[in-house]
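A.B. asks: Mind having a look at this structure? Questions to follow.
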Amino acid sequence: MTISTSLTIKQISKNNNQYSFDCAGSIDAHATPAFSVFTSLPAEASVTLDFSNIERVNSMGLSLLLKLFEEWEHSGTRVEVQNLNRMVSMLFKITGLGRFVKGATGQDSSGTKMIDPTPPAHAHKADTDGETPATNSKLNFVASLQTGSQLSGWYLLNTYLQRRLQKVIHFEQAQDVKNITPDILFSKPFEACAMMKKGFIPLMRPIAEADEVVILCRSDDKRTMSDMKNVNVVTATEASFVYLLGRFLCDESHVDSSKLNYHFAGNEIKALQMLIRKQADMLFVLKKTYENLSSLSRNSVRQLDASDTNFTFHLFSIAPHLQSESDALGTVLEDMTNDEQGKQILQDLQFQGWCKPEQDELNMLQMVFDRYVES
């Protein structure tokens, strides 16, 4: 199926001060011109937006909608959104826009309460390996890998950066960066948010690399998603977008995520092993990890559900004391598509290239982090 990359908004009715609009396509960074249809609305109008034909909303689109709705609230304009598809509905709930969905009354539009990100008290956290602290003798580059198959590409990228920047850089991989302080960092979405609060500067993100989530069970488990009530769930870590989005997928399938028993393995490989060894019934894992499993591992599991949110991403960032190096480092990454060695490394990393994150994308990601992790 081809996703429309444009947005059209047509007024379909007007009754006194009540307006209805049909919205079609995708809501993203290019949606602003289509929003011009709303400029002539009188104050204290009542607006209904029909999202039956909205195919996708990304983080930039969510940010634009949030700004628009907040402006309407300030001016006394009432807005109600109806007929959202499953993924758009999930994103509205995650970002707090659910209050604008038709039928929302303190719960979301499907009657499901907003999830409490804190797992039940009996949830077990597996022991995690200790991390090596950063040293001051050289620049330390740490990457929180999306898949194990990327590892050689990261070592090659480290060599590439040393040659281009004329600096000594030590590379290591890490599953959890919260206890280390690197100079250069490639990290998961919520890890990146935590590091930004410490002053880290986000430079780049992979092009077209949103972090999506799949829910897996064992291949010999014939239960459907709706059967998975009160079961044991394993995932890598609690403070992650994978855990949050996995829970939303469960709630959207009418499986109460607050009644599941959570286990946190420390990393995705250990989590997968727990599932295969029948120490858990379901696994929340990055879609990219699932897609890169060996044939043996992949034949041992079965996909129950998957997200398609196009919402969040890993980030490449630097420590605040390297701010003066940010332009040079950003340029090196962005120009990798222009030389053969850079192209080969990107292929090994399984990336199309690098692009600068928009501030609205970062704001939306930080808002979700503050809402579910910081709180």
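A.B. asks: Cβ-Cβ distance below 7 Å, separation of 6 or more or different chains: which pairs start in region 318-336 with a residue that is in contact (Cβ under 8 Å) with a residue 40 or more places away in the chain and end on one that is hydroxyl-bearing (S, T, Y) and assigned to a helix (DSSP H, G or I)?
C.D. replies: Between residues of region 318-336 that are in contact (Cβ under 8 Å) with a residue 40 or more places away in the chain and residues that are hydroxyl-bearing (S, T, Y) and assigned to a helix (DSSP H, G or I), the close pairs are I318/S326.
A.B. asks: Further, regarding this structure: Here are some residues: N85, N17, N53. Which one is touching a Pro at 6+ places or on another chain (Cβ under 7 Å) and either open to solvent by 30 Å² or more (accessible area, probe 1.4 Å) or without any contact (Cβ under 8 Å) to a residue 24 or more places away in the chain (or both)?
C.D. replies: Step by step, each of N85, N17, N53 is checked, and only N17 is touching a Pro at 6+ places or on another chain (Cβ under 7 Å) and either open to solvent by 30 Å² or more (accessible area, probe 1.4 Å) or without any contact (Cβ under 8 Å) to a residue 24 or more places away in the chain (or both).
A.B. asks: Quick one: would you say P189 is buried (at least 22 other Cβ atoms within 10 Å of the Cβ), modelled with pLDDT of 90 or more, in contact with a helix residue (DSSP H, G or I) (Cβ under 6 Å, 6 or more places away or on another chain) and of a type outside the set (S, T, Y)?
C.D. replies: The answer is yes for P189.
A.B. asks: Can you list the strands (runs of 3 or more DSSP E) lying wholly within region 1-102 that have 1 or more residues being in contact with a Cys (Cβ under 8 Å, 6 or more places away or on another chain)?
C.D. replies: Answer list for region 1-102: 7-15, 46-57.
A.B. asks: Let me ask you something else. Pull up region 336-364, narrow it to residues that are more than 25 Å from the chain's Cα centre (by Cα) and among the acidic types (D, E), then point me to the one that is least open to solvent (accessible area, probe 1.4 Å).
C.D. replies: D339
A.B. asks: Search region 349-370 for residues that are at pLDDT below 90 and pair each with any residue that is among the small types (G, A, S) and surrounded by 16 or more Cβ atoms within 10 Å (Cβ to Cβ) when their beta-carbon atoms are under 9 Å apart and the residues are at least 6 apart or on different chains.
C.D. replies: Q350/S149; Q350/G153
A.B. asks: Of everything in region 290-300, what is surrounded by fewer than 21 Cβ atoms within 10 Å (Cβ to Cβ) and either of a type outside the set (D, E, K, R) or in contact with a Gly (Cβ under 7 Å, 6 or more places away or on another chain) (or both)? Give them in sequence order.
C.D. replies: Residues satisfying the conditions are N292, L293, S294, S295, L296, S297, N299, S300.
A.B. asks: Moving on. List the number of the failed condition for A319; all other conditions in (1) more than 23 Å from the chain's Cα centre (by Cα); (2) under 24 Å from L362 (Cα atoms); (3) open to solvent by less than 20 Å² (accessible area, probe 1.4 Å) hold.
C.D. replies: Every listed condition holds for A319 apart from (1).
The values are calculated or read from the model by the stated rules, or taken from the named source; none is laboratory data. Quick caveat: nothing in here was measured; it's all calculated off a predicted structure. For neighbour counting, all protein chains shown are included, and Cβ atoms are generated from backbone atoms with ideal geometry for every residue, glycine included. Note: areas computed on protein heavy atoms with side chains; ligands, DNA, RNA excluded. Shrake-Rupley method; radii C 1.70, N 1.55, O 1.52, S 1.80 Å.
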